[in-house]
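Some notes on the structure that comes next.
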Amino acid sequence: MAEQRPEGRAAGAHEHTVSDDFTSFVARERASLLAVAFALCADRHAAEDLVQDALVEAFRRWDRVGTYDEPGAWARRVVHRATSRWRKLGTESRALARLGARPVAAAAERDPDADRFWDAVRALPRRQSQMIALRYADDLEIAEIATVMECAEGTVKATLHHARRALAQKLALEVRDDA
């Protein structure tokens with residue numbers, strides 16, 4: 001008689017393979033997903049929630065997502081789409097922080113220059129901020145960003161160029177046009 005799983009399914013080799021593959025995927029991608037999410041929403045708790053939601057969606061669809069050449073790119077798209085939802089909740093989050101419901105990082109742990117930079121990034125149009133986060137928080141190359149954002153490499157280059165110019169103007173910096 002086959003061993004019964006709580007869901008009523010028999011345990012099989014495929015189940016272990018999916019679990020092992022998914023576990024490897026999470027170990028490989030979680031840190032960079034978290035870096036991008038944090039760069040886009042500036043809230044560690046919200047970033048962790050975004051990444052968790054993306055990983056849950058990946059697990060639910062792992063039979064399909066696990067076959068992709070770049071399952072990490074799929075997960076990054078889920079994170080990017082979810083950031084708009086979190087931005088709408090930003091007002092609530094800031095109010096809770098003011099009321100002391102969420103701990104604020106100690107001043108010694110924060111880098112004012114980095115905070116200023118990422119605040120300026122978050123003020124950019126959504127697509128520009130996403131590409132800047134992928135380039136600088138996740139350290140992706142142009143081709144990788146194009147895969148994640150589902151666009152042409154030329155679009156990535158142009159968008160990054162415009163984003164860098166806008167950031168330079170906001171931060172009063174000199175612009176470097178290296179990808």
### Query
For the range 109-179, what is the relative contact order in percent, using Cα pairs closer than 8 Å and at least 6 residues apart in sequence?
30
## Note on the structure
Contour minus Cα-Cα span, residue 21 to residue 165, at 0.36 nm per residue, comes to 47.7 nm
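A short reminder: the numbers here are calculations on the coordinates, not readings from a lab. On a predicted model such as this, the values are computed, not experimentally measured, just so you know.
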